[in-house]
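Engineer: A single structure is presented below for examination.
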Amino acid sequence: DIEFKNVSFSYDGKQKILDQISFKVNKGETIAFVGSTGSGKSSIINVFMRFYEFQEGQVLIDGIDIRRYSQEALRQSIGLVLQDPFLYHGTIASNIRMYQDISDQEVKAAAEFVDADQFIQKLPNQYDAKVTERGSSFSTGQRQLLAFARTVASKPKILILDEATANIDSATEEIVQRSLAKMRQGRTTIAIAHRLSTIQDANCIYVLDKGKIIESGRHEDLLEKQVTYYKINQFAAGMIDNA
Ligand code: ATP
Ligand code: MG
């Protein structure tokens, strides 16, 4: 279980970036955040991971204040998939394994689980294929799938996704969405979504605006209310001109 209780946060001690944020995620469930750029979505992750210390409120995991866990224990239990997945100089296998002590079979199993195995098999040298700094020879979708495999290999209890804004082709998008759904199973998940297709089945969706939660509910409930979320959804569906 994850709970935020009236969390307020500022990077510089002046401007409030998160303002009295409260939400709860039950074990195994998924919640999602949507909202315009700069509304504070990634900042929620920054305080949850303790990359930054928040000034007010409480963040609890299973009822225990996150400040009582060591940073190492906290970060080990969380699988973080960032907006722009980072690949390192090495091989496909070393990028999935990272610094963990896991076997080749486990690396492959993780890649298979997220459907990254398909494109890896087509590479010369497959799992030993070279990855150059930043992985520039791979598409955004492929980098994302490798980041998923890395996350799955670390077997986190909590999954945090900060979805990429970059466009990926629709075939890869389908694989990414399917892999995401599989990864979420049995894991408490916080998803930051730009494509609403990712989060239609979330247990609760929170709409963030200037650091405040202004709407929340399930996809259908929010659509019915026809307020901000409805507008975002129409925008995403291409019904409103990008003007
Ligand atoms: P996006 O959809 O573009 O990813 P977001 O909702 O994730 O946006 P945040 O990254 O949380 O937005 O940013 C919220 C506010 O905090 C913005 O005004 C941003 O400029 C500021 N901010 C973000 N990161 C930092 C930082 N490391 N130091 C100082 N200010 C920051
Ligand atoms: Mg962000």
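The values are calculated or read from the model by the stated rules, or taken from the named source; none is laboratory data. Since this is a predicted model, take the numbers as computed values, not measurements. Note: ideal-geometry Cβ built from the backbone for every residue, glycine included; neighbour counts use all protein chains shown. Just so you know, the surface numbers come from the protein's heavy atoms only, side chains and all, with ligands and any DNA or RNA stripped out. Shrake-Rupley method; radii C 1.70, N 1.55, O 1.52, S 1.80 Å.
Engineer: Mind checking the angle between helix 140-153 and the chain's longest principal axis? C-alpha axes, 0 to 90 degrees, to the nearest 10.
Structural biologist: Approximately 90 degrees, to the nearest 10.
Engineer: Rolling a 1.4 angstrom probe over the protein heavy atoms, how many square angstrom per residue are accessible across the chain?
Structural biologist: Each residue of the chain exposes 51 Å² on average to a 1.4 Å probe.
Engineer: Work out Dmax and Rg for the stretch 38-105 from the C-alpha atoms and quote the Rg first, both in angstrom.
Structural biologist: Cα-based Rg and Dmax for the stretch 38-105 come out at 15.2, 45 Å.
Engineer: Here's a follow-up. Quick one: compute the contact order of the stretch 135-197, relative version, from alpha carbon pairs under 8 angstrom and 6+ residues apart, as a percent.
Structural biologist: The normalised contact order for the stretch 135-197 reaches 47 percent.
Engineer: Run the reach check for Lys24 against lysines, Cα to Cα strictly under 19 Å, same-chain hits fewer than 8 apart removed. What comes back?
Structural biologist: Hits, sequence-local ones excluded: Lys5, Lys41, Lys157, Lys212.
Engineer: Which Cα, out of Phe33, Phe48, Val207, lies furthest along the positive dipole direction of the chain (beta carbon charges, K/R +1, D/E -1)?
Structural biologist: Phe48
Engineer: Classify the stretch 69-116 from the C-alpha gyration tensor, please: rounded if a/c falls under 1.5, else prolate or oblate depending on whether a/b exceeds b/c.
Structural biologist: Verdict is prolate for the stretch 69-116.
Engineer: On to the next question. How many percent of the accessible area of the chain is carbon or sulfur, using a 1.4 Å probe?
Structural biologist: About 48 percent, which is the carbon plus sulfur part of the accessible surface.
Engineer: Right, here's the next one. Using only alpha carbon pairs under 8 Å that are at least six residues apart, calculate the relative contact order of the chain and give it in whole percent.
Structural biologist: It comes to 26 percent, rounded to a whole number.
Engineer: For every other residue with a beta carbon closer than 12 angstrom to the beta carbon of Ala191, add +1 if it is Lys or Arg and -1 if Asp or Glu, then tell me the sum.
Structural biologist: 0
Engineer: Same structure again: Restricting attention to the stretch 1-39, which chymotrypsin sites (Phe, Trp or Tyr not before Pro) occupy a DSSP loop and are surrounded by at most 15 other Cβ atoms within 10 Å?
Structural biologist: Loop-located and lightly packed - Tyr11.
Engineer: Counting pairs of alpha carbon atoms under 8 Å apart in space and at least six apart in sequence, what relative contact order in percent does the stretch 1-97 give?
Structural biologist: Dividing the mean separation by the residue count of the stretch 1-97 yields 30 percent.
Engineer: For helix 104-113, report the angle its Cα long axis makes with the longest principal axis of the Cα atoms of the chain; keep it between 0 and 90° and round to the nearest 10°.
Structural biologist: With rounding to tens, the tilt is 50 degrees.
Engineer: Still on this structure, please answer the following. Mind listing the Cα extents of the stretch 96-212 along all three principal axes, in Å, largest one first?
Structural biologist: Sorted largest first, the three principal extents are 47, 29, 23 Å.
Engineer: Report, by chain and number, residues whose modeled amide H sits under 5 Å from the one on Gly57, excluding near sequence neighbours (fewer than 5 apart, same chain).
Structural biologist: Ser8
Engineer: How large is the charge dipole for the chain, taken about the Cα centre, if only the Cβ atoms of Lys, Arg (+1) and Asp, Glu (-1) carry charge, to the nearest 20 debye?
Structural biologist: 340
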